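Colleague: Here it is, the structure, as C-alpha cells.
The values are calculated or read from the model by the stated rules, or taken from the named source; none is laboratory data. As the structure is a prediction and not an experimental result, all values here were calculated from the model. Methodologically, a virtual Cβ is constructed for each residue, glycine included, from the backbone with ideal geometry; neighbour enumeration extends over all protein chains shown.
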Amino acid sequence: MDVASLRKGDRKAFQYLIDTTHRDVYRLAFKFTSNADDARDISQEVYLEAFRNIHGFREDANIKTWLYRITVNRSLNLIKKNKSKFMSVSIDDSETSAFQISAPSTHEADSVVENKELKKILQTALNTLPENQRIAFLLFNHDGMSYAEIAEVMSLSLSSVESLIFRSKANLRKELADFYQNNYGHAQVLKNSAVK
Amino acid sequence: MNCNEFRLIIDQGQPDSTMATMLQQHMADCPQCSLYYKMVFETIEKADQLLISEEPSTDLAASIGDFVFNAVPEVRVVPMWVKITTAAAAVVFGLLIGSAVYQSRTVNSTTNNDLFVAEAPADTIYMAETTEIMYLSFMSENE
C-alpha cells in the first residue's frame, strides 16, 4: 500500500485501498450491527473519514488497523444513536422464540440446535456484555486478529485486552448457561426424575 | 463423572487434555450435557465460525469510491515552484507600484513647494518674547 500517495490525496491509490480492504471493513461493521444496510452505510462513512484525515496518518502505522478503529467507532456511534433498535432484544425475547418452541426432547437434544440458532443466541448474549468486552470479543473473532492488533485498535495495553477477552468469555458462558437452564433445564429435570 | 461435575468444568472455561477425554466419555452417554457443551462452550470457542458475516455486494467498493469522491471535491494541487514564482512576482509588482507612487509624490512636492510655506505675520509674538516681556515688566515693577 503506497501510503505516501494516499497522503497526497491520490484518488487512484485511495480507490485501490477501498478495493483491497472494504470487505473486511464491511464484515466487521456487520458483526457489530447485524444489518447489511447499516454495515454498508458504516463502510462508506469509514472511508470518507479516512479520506478526509489521511494526511494525519502515520506512515509506520498499519492502515488496516486504523480503518478498523474508525469502523468500531462508527459502529458504536450508530448503535448508541439507535439504542432501542440494537439493545432491546433480550436473550429470551421473541427473536429466539422459534428456538424455544423447538425445544428438544431428551434424546434429540444435540441434533436440533443449528448453527443459525446458535448464532442468534450468541449475538443476543453479546448484546448483554459491557461495551469494551463486546468490542474485544468481536475483534478477537474477526479476521484472525492478534491481541496486539486489538490493543492497537482499542488503544489499550496488551494485558487489558487479554483481560477483556477472558472476562467476555466468562460472561458469555454464564449468559449461555442461563439460557440453557431456562430452555432445557426442565428436560434435564424430567430426565433425572425418570431415572429415579 | 456426573452432569454437575461436567457442567462445572465447562463453566470454568478451559478443560485440560485429561479432562477433555472424560468430558467426551460423558457426552457420549448424555445428550443433554452434549447440548450444554455445544451451547455454552463451543458457541464461544467457535464464535469466529458462527459470526461469519454475509459478504458485501459486488458493487460496494465502487459505491464507496463514488460516495467518498463526490463528498470531497477534488482539489487541484499547485506545484511549489508555481507558488514561489507567484509570490515573487507579487512582491516585485508591489515594489514597482510603490516606487511609482513615491516618485509621483516627490515630484509634486518639489514643484509645489511654495504652497506649503506658511509665513508668520509681523505682529506674531512668540512664547520666548512673551516670557521676556513678562520678566522685564516684573523687574521694573519691583525695583
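Colleague: Scan region A:1-17 and report the pairs whose first residue is farther than 20 Å from B:Ala62 by Cβ and away from chain B (no Cβ under 12 Å) and whose second residue is part of a loop (DSSP other than H, G, I, E, B) and of a type outside the set (Phe, Trp, Tyr), with Cβ atoms within less than 6 Å and a gap of 6+ or a chain change.
Modeller: Sorted first by the residue in region A:1-17, then by its partner, the pairs are A:Val3/A:Glu59.
Colleague: Among the listed residues B:Thr86, B:Thr18, B:Thr43, B:Thr106, identify the single one that is more than 30 Å from A:Ala170 (Cβ to Cβ), polar (S, T, N, Q) and at pLDDT below 90.
Modeller: On the way: B:Thr86 fails: at pLDDT below 90; B:Thr18 fails: more than 30 Å from A:Ala170 (Cβ to Cβ); B:Thr43 fails: more than 30 Å from A:Ala170 (Cβ to Cβ).
Every option except B:Thr106 fails the conditions.
Colleague: Scanning for something within 38 Å of the chain's Cα centre (by Cα), more than 30 Å from A:His55 (Cα to Cα) and small (Gly, Ala, Ser), does region B:24-46 turn up at least one residue?
Modeller: The first filter runs over region B:24-46 and keeps only residues within 38 Å of the chain's Cα centre (by Cα), leaving none.
No; the residues of region B:24-46 include none that is within 38 Å of the chain's Cα centre (by Cα), more than 30 Å from A:His55 (Cα to Cα) and small (Gly, Ala, Ser).
Colleague: Also: Please go through region A:52-86 and pick out each residue that is polar (S, T, N, Q) and either part of a helix (DSSP H, G or I) or modelled with pLDDT of 90 or more (or both). Write out each step before concluding.
Modeller: The initial filter retains those residues of region A:52-86 that are polar (S, T, N, Q), namely A:53, A:62, A:65, A:71, A:73, A:75, A:77, A:82, A:84.
Residues satisfying the conditions are A:Asn53, A:Thr65, A:Thr71, A:Asn73, A:Ser75, A:Asn77, A:Ser84.
Colleague: Exactly one condition in (1) within 30 Å of A:Asp24 (Cα to Cα); (2) assigned to a helix (DSSP H, G or I); (3) hydroxyl-bearing (Ser, Thr, Tyr) is not met by B:Ser104; state its number.
Modeller: For B:Ser104, the failing item is (1).
Colleague: Turning to a different aspect of this structure: May I ask you to verify whether A:Arg27 is modelled with pLDDT under 95, buried (at least 18 other Cβ atoms within 10 Å of the Cβ) and outside the structural domain of A:Asp143 (by TED's automatic domain parsing)? Step through it out loud before you land on a result.
Modeller: Working: modelled with pLDDT under 95: yes; buried (at least 18 other Cβ atoms within 10 Å of the Cβ): yes; outside the structural domain of A:Asp143 (by TED's automatic domain parsing): yes.
Judged against the criteria, A:Arg27 is a match.
Colleague: Which helices (runs of 4 or more DSSP H) does region A:87-196 wholly contain that include 2 or more residues that are at pLDDT below 90, within 8 Å of chain B (Cβ to nearest Cβ) and touching a Phe, Trp or Tyr at 6+ places or on another chain (Cβ under 9 Å)?
Modeller: On the way: elements: A:97-101, A:109-112, A:115-126, A:131-140, A:147-154, A:158-195.
Per the criteria, A:109-112, A:158-195.
Colleague: Can you name every residue in region B:1-51 that is within 24 Å of A:Asn141 (Cα to Cα) and touching a Cys at 6+ places or on another chain (Cβ under 9 Å)?
Modeller: Once the filter is applied, which keeps residues that are within 24 Å of A:Asn141 (Cα to Cα) and touching a Cys at 6+ places or on another chain (Cβ under 9 Å), region B:1-51 yields B:Ile10, B:Tyr36.
Colleague: Would you point out the residue of region A:26-35, among those that are touching a residue at least 24 places away in the same chain (Cβ under 8 Å) and within 9 Å of another protein chain (Cβ to nearest Cβ), that is nearest to A:Ser75 (Cα to Cα)? Talk me through it step by step, then tell me what you get.
Modeller: Pass one, region A:26-35, residues touching a residue at least 24 places away in the same chain (Cβ under 8 Å): A:27-29, A:31-34.
Remaining after also requiring within 9 Å of another protein chain (Cβ to nearest Cβ): A:27-29, A:31, A:34.
On the way: A:Arg27: 12, A:Leu28: 9, A:Ala29: 6, A:Lys31: 9, A:Ser34: 11 Å.
If we take residues in region A:26-35 being touching a residue at least 24 places away in the same chain (Cβ under 8 Å) and within 9 Å of another protein chain (Cβ to nearest Cβ), then A:Ala29 is nearest to A:Ser75 (Cα to Cα).
Colleague: Of the residues that sit in region B:27-55 and are among the aliphatic types (A, V, I, L, M) and under 14 Å from A:Gln123 (Cα atoms), which one is farthest from the other protein chains (Cβ to nearest Cβ)?
Modeller: Our first condition is that a residue be among the aliphatic types (A, V, I, L, M); within region B:27-55, this holds for B:27-28, B:35, B:39-40, B:44, B:47, B:50-52.
In the following step, the residues that additionally are under 14 Å from A:Gln123 (Cα atoms) were identified as B:39-40, B:44, B:47, B:50-52.
Numbers: B:Met39: 5, B:Val40: 5, B:Ile44: 5, B:Ala47: 5, B:Leu50: 5, B:Leu51: 5, B:Ile52: 8 Å.
So, considering only residues that are among the aliphatic types (A, V, I, L, M) and under 14 Å from A:Gln123 (Cα atoms), the one farthest from the other protein chains (Cβ to nearest Cβ) is B:Ile52.
Colleague: Something else now. Within the set of pairs 6 or more residues apart or between chains, which connect a residue that is at the interface with another protein chain (Cβ under 10 Å from one of its Cβ atoms) inside region A:36-48 to a residue that is surrounded by fewer than 19 Cβ atoms within 10 Å (Cβ to Cβ) and of a type in the set (D, E, K, R) with Cβ atoms less than 8 Å apart?
Modeller: Taking only residues 6 or more apart or on different chains, the pairs are A:Ala36/B:Glu54.
Colleague: Among the residues of region A:1-42, count how many are in a loop (DSSP other than H, G, I, E, B) and within 16 Å of the chain's Cα centre (by Cα). Before you say what the answer is, go through the steps one by one.
Modeller: As a first pass, look at region A:1-42 and keep what is in a loop (DSSP other than H, G, I, E, B): A:1-2, A:8-10, A:34-35.
The next check asks that each one be within 16 Å of the chain's Cα centre (by Cα); those that pass are A:34-35.
Count: 2.
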